[in-house]
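Shown next, in structure tokens, is the structure this report addresses.
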Amino acid sequence: SGLFVLPGIAFGDLGPGIILAYIVASLLAIPTILAKAELSTAIPKDGGIFIFTDRAMGPMMGTLGGLSSWFSIALKSAFALYGLGIFTILLMPSIGTMEIKLIAVGFCLFFMVLNILGTHFSAKAQVWMVLTLIGLLVLYVVAGFVHLSSAGLGNYTPFLPKGISSILSTSGLVFVSFAGSTKVAAIAGEVKKPGRNIPKGMFISWAVVSLLYVLVVGVTVGIVS
């Protein structure tokens, strides 16, 4: 959803310049990564933002922080699940809105069961899902560049039809795509050598995601009218 649904919305605001918006959003994510890496290595306990806010401002603010974090994840998950439902149209073009919602709910239940089975099991499953996804995206980028070499760069002009001023606001819209880079802080208590592995994992995640987003969005803009 962050790669193929959201850029379609952002493209309407900025045009081909959404490539710049993703770069800016990626850079804006760095302070968040630095802060959460520092906090989760200093307090390597499960809970993430709830634990950090509770220690700094007390249980009441910790509870509010935890609820706000849960609410943001719920909204992001709903967006991602609905995106999965929409993509089913590629396989079954005749399905309607209700079927899309039912597919989204089905995926939600599947991932819920996966998480209930335990962090160890869900982590292993996630590794394979992520590797498969990265492989598909690399294939998409390579195929896209081959297509661009023969089709030309016509879709990139005008690059900023609404001017440079809309880059920052669109960066705010797509910033949610980078939020997952810091979610590992929520299970810091289960990470081996947290002082080393949490910051390293966050920055590798950020670098890989940033590179893939810019390449995939850039290719998509170039090959889709």
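Could you list, ordered by first residue, the pairs with Cβ atoms under 6 Å in which the first is in the range 1-16 and at pLDDT 80 or above and the second is of a type in the set (Ser, Thr, Tyr) and surrounded by fewer than 16 Cβ atoms within 10 Å (Cβ to Cβ), at least 6 apart or interchain?
PRO16/TYR156
Looking for whichever is more than 22 Å from GLY48 (Cβ to Cβ) and in contact (Cβ under 8 Å) with a residue 24 or more places away in the chain here; the options are SER181, SER94, SER150, SER166. Which one fits?
Going through SER181, SER94, SER150, SER166 in turn, the sole match is SER166.
Among the numbered criteria (1) open to solvent by less than 40 Å² (accessible area, probe 1.4 Å); (2) farther than 30 Å from ARG196 by Cβ; (3) free of Cβ contacts under 8 Å to residues at least 24 places away in the same chain, which one does LEU81 miss?
(3)
Of all residues in the range 195-225 being over 15 Å from the mean Cα position of the chain (by Cα) and open to solvent by less than 20 Å² (accessible area, probe 1.4 Å), which is farthest from GLY180 (Cα to Cα)?
GLY222
Which of (1) modelled with pLDDT under 85; (2) closer than 21 Å to TYR22 by Cα does SER150 not meet, given it meets every other one?
Every listed condition holds for SER150 apart from (2).
What's the number of the only condition in (1) open to solvent by 100 Å² or more (accessible area, probe 1.4 Å); (2) at positive phi that LYS162 fails to meet?
Only one criterion is unmet by LYS162, namely (2).
I need the full set of residues from the range 125-157 which are open to solvent by 70 Å² or more (accessible area, probe 1.4 Å) and closer than 21 Å to ILE73 by Cα, in order please.
Of everything in the range 125-157, those that are open to solvent by 70 Å² or more (accessible area, probe 1.4 Å) and closer than 21 Å to ILE73 by Cα turn out to be GLN126, VAL127, MET129, LEU133.
So is ALA74 among the hydrophobic types (A, V, I, L, M, F, W, C) and under 21 Å from THR119 (Cα atoms) or not?
Taking the combined requirement at face value, the residue satisfies it.
Consider the range 114-170. How many of its residues are polar (S, T, N, Q), closer than 26 Å to VAL24 by Cβ and in a helix (DSSP H, G or I)?
Residues meeting the conditions: 4.
Test LEU28 against the stated conditions and say whether it is open to solvent by 50 Å² or more (accessible area, probe 1.4 Å) and not in a loop (DSSP other than H, G, I, E, B).
Values: open to solvent by 50 Å² or more (accessible area, probe 1.4 Å): yes; not in a loop (DSSP other than H, G, I, E, B): yes.
Against the criterion (open to solvent by 50 Å² or more (accessible area, probe 1.4 Å) and not in a loop (DSSP other than H, G, I, E, B)), LEU28 qualifies.
The values are calculated or read from the model by the stated rules, or taken from the named source; none is laboratory data. Treat the numbers as computed from the prediction; the structure is a model and nothing was measured. Here the Cβ is made from the backbone with ideal geometry for all residues, glycine too, and neighbour counts use every protein chain on show. To get the accessible areas, we keep the full protein, side chains included, count just its heavy atoms, and leave off ligands, DNA and RNA. Shrake-Rupley method; radii C 1.70, N 1.55, O 1.52, S 1.80 Å.
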